[in-house]
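A quick write-up on the structure given underneath.
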């Protein structure tokens, strides 16, 4: 029991390095992956630098309401006379943080439950599998809408709720993957060394799942962005400053029907599409590496 | 013997479905009844503060509204609630007193089924055809473009597609004079002056109003079908039995339908039924965008007005629809896939 944790097995020494190498290969050898990766980096850089380079207009300017794009405001102004470009530049940060938090929680839950369920097996496994089935048959957005009737959701609370809600789908993929890993020699070796289940899950199995985790991370980020933007759009979340909120404001102001300031609604829509597309492409490039059978 | 194994497979799935519905209902009951500051307590408090009535009276009102006997012990309430759900009795709506939740759902549901279902079926048919064609034309120059558009469509949220559609059809004046569609006249399920009935005028009006929502649903799901059909067909094309069938000199139609189609359709039909379940619950935002009077809009309205019996009823209907459709998908799988009849199903059943 005393020095079990000092074992270094073959699998864990190479798992992480192999994963990083593989992902780099995937991204640089796949056109869509490369484009997605660059887009994502661009959005992240923009979000980080925006508060300094393009500070938000804090005051409204009644003389400049809903103007068309001009030299001063390259995307025009919104219904309070604030510059839209500054809002676009600043709007991604909150969304990215939110999505990352939700995805991390979802991954942590899904991987832990999935791996333990496959390793322990037996009754625990079948009960968990059944619960996951039940969980998956609860519609996500309606559930969130109903929940918002009970709690006052904030953006970060929503991230946690979303993370917890998304365990079931990931659980199923991870479980299936761990079941196939379980047959491999190094896991058997780990069992024969009488290592604890916790050690096996976190030190032996997880490093070998990094590819799956990365793919699912981008998938989860995408679905949580979708959920948040939907909820914001339906006016259920309190308004903070991000692209979803901009769409909501533009919609409630009826901007769609005013071709002069169409960028107020078009710009955040395009940005959300770009963000989601970049996540999808990066995810797909990573998936090709994790599932070599899918490679052409 | 073979039939027996199919029967046990289906029975197992049926049992599973009933259990799932039971669990979902239980979760909803405890959400409504046992949580701190649950809607019933909140309602009683509201009534006492607003109308100055006594606690007992407010409790009575709450009891009739939620159709629960609040004086009974919890487990009896739970069973009474289960009985009510079994009879599809979710109590009365708080926002429109005297009208039962089920009545409202019954008037709203057809609209949602019409638009989302229409969109699903259209996208299914078009998507399958495009996907199958793309699988055969893998080496043409336009294949990556079509696949790219399909993956783009399947990735972006549906309401962003809706906004783009509104911009294209209802806002931008392409010829400089008028927009393609009078989008401002197309809100709601039908025009105000129309009287519902089975005449041509009304049907045309309904189609007119439903057009953009249906188009939105169609586009948002089209990509999934194209990609799925393409992958399934491609993987079938490369198998030995298809090559063998070709070598045996079977006609290409026979190969296409009996060897490729039969296998490719398996995952597709399953996916179709899975998505069928999400019809009822998948339309909140689009319905809000177009003020389409479907069940999703009703759920939003109920949530904004804290109409708990309504919320609970709609949510339950949405969940049950999904569970039932999943069950149907599994039944269909058993019918379509001869391998399940061979008895392997019990082991690899999900």
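Each value in this text was obtained by applying a stated rule to the coordinates, not by laboratory testing. None of these values were measured; they are calculated from a predicted model. So basically every Cβ, Gly included, is an ideal-geometry build from the backbone, and we count neighbours across all protein chains shown.
Quick notes on this one:
- Overall dimensions of the stretch B:197-287 as given by Cα atoms, namely Rg and Dmax in Å: 19.2, 58
- Rounded D (µm²/s) - the stretch A:119-162, Kirkwood Rh over Cα pairs, Stokes-Einstein at 10 °C, 1.306 mPa s: 128 µm²/s
- Degrees, to the nearest 10: A:155-165 long Cα axis against longest axis of chain A: 30 degrees
- Cα-based helix-to-principal-axis angle, B:262-277 vs chain B, degrees rounded to 10: 20 degrees
- Neighbour counts of other Cβ atoms within 10 Å put A:264, B:30 in the fewest-to-most order B:30, A:264.
- Mean Cα-pair separation over length for the stretch A:99-218, i.e. relative contact order, pairs under 8 Å, 6 or more apart, %: 47 percent
- For the stretch B:51-171, alpha-carbon Rg over 2.2 N^0.38 Å: 1.85
- Compactness ratio for the stretch B:111-171: Cα radius of gyration over 2.2 N^0.38 Å (N = residue count) comes to 1.35.
- The Kirkwood radius of the stretch A:86-125, taken over pairs of alpha-carbon atoms, gives through the Stokes-Einstein law at 25 °C and 0.890 mPa s a diffusion coefficient of 200 µm² s⁻¹.
- Placing a label point 7 Å from the Cα of residue B:301 along the Cα-to-Cβ direction, the residues of the stretch B:261-284 whose backbone N falls under 19 Å of that point are B:280-284.
- Distance between the stretch B:246-294 and the stretch A:104-160 - C-alpha centres, whole angstrom: 27 Å
- Label point 7 Å beyond Cα of residue B:15 along Cβ direction - residues of the stretch A:108-137 with amide nitrogen under 20 Å: A:122-135
- Overall form of the stretch A:109-197 per C-alpha gyration tensor (a/c, 1.5; a/b vs b/c): prolate
- Nearest 10 degrees, 0 to 90: helix B:2-33 Cα axis against chain B principal axis: 40 degrees
- Relative intensity, log₁₀ I(q)/I(0), of the stretch B:183-337 from a Debye sum that treats every alpha carbon as a point, q = 0.14, 0.15 Å⁻¹: -0.88, -0.94
- Coarse-grained scattering of chain A at q = 0.08, 0.11, 0.15 Å⁻¹, given as base-10 log I(q)/I(0) from a Debye sum over alpha-carbon atoms: -0.44, -0.76, -1.17
- A quarter of the convex hull surface defined by the alpha-carbon atoms of the stretch B:254-339 gives 7.1 nm² as the mean projection.
- With Cα atoms as the point set, the stretch A:37-187 shows a radius of gyration and Dmax of 22.3, 72 Å.
- Dividing the radius of gyration of the alpha carbons in the protein assembly as shown by their Kirkwood radius gives 0.98 for Rg/Rh.
- Distances between every pair of Cα atoms in chain B, grouped in 10 Å steps from 0 to the bin holding the largest one, split as 5, 18, 23, 23, 18, 9, 3, 1, 0 percent.
- Relative contact order (%) - criterion: Cα under 8 Å, at least six apart; region: chain B: 25 percent
- With one equal scatterer per alpha carbon and no solvent term, the Debye-computed log10 I(q)/I(0) for the stretch B:298-338 at 0.19, 0.20 1/Å reads -0.59, -0.62.
- Across chain A, the relative contact order, built from alpha-carbon pairs under 8 Å that are at least six residues apart, equals 29 percent.
- Over the residues of chain A, the helix contribution to mean residue ellipticity at 222 nm works out to -23000 deg cm²/dmol, using -39500 (n - 2.57) for each DSSP H run of at least 4.
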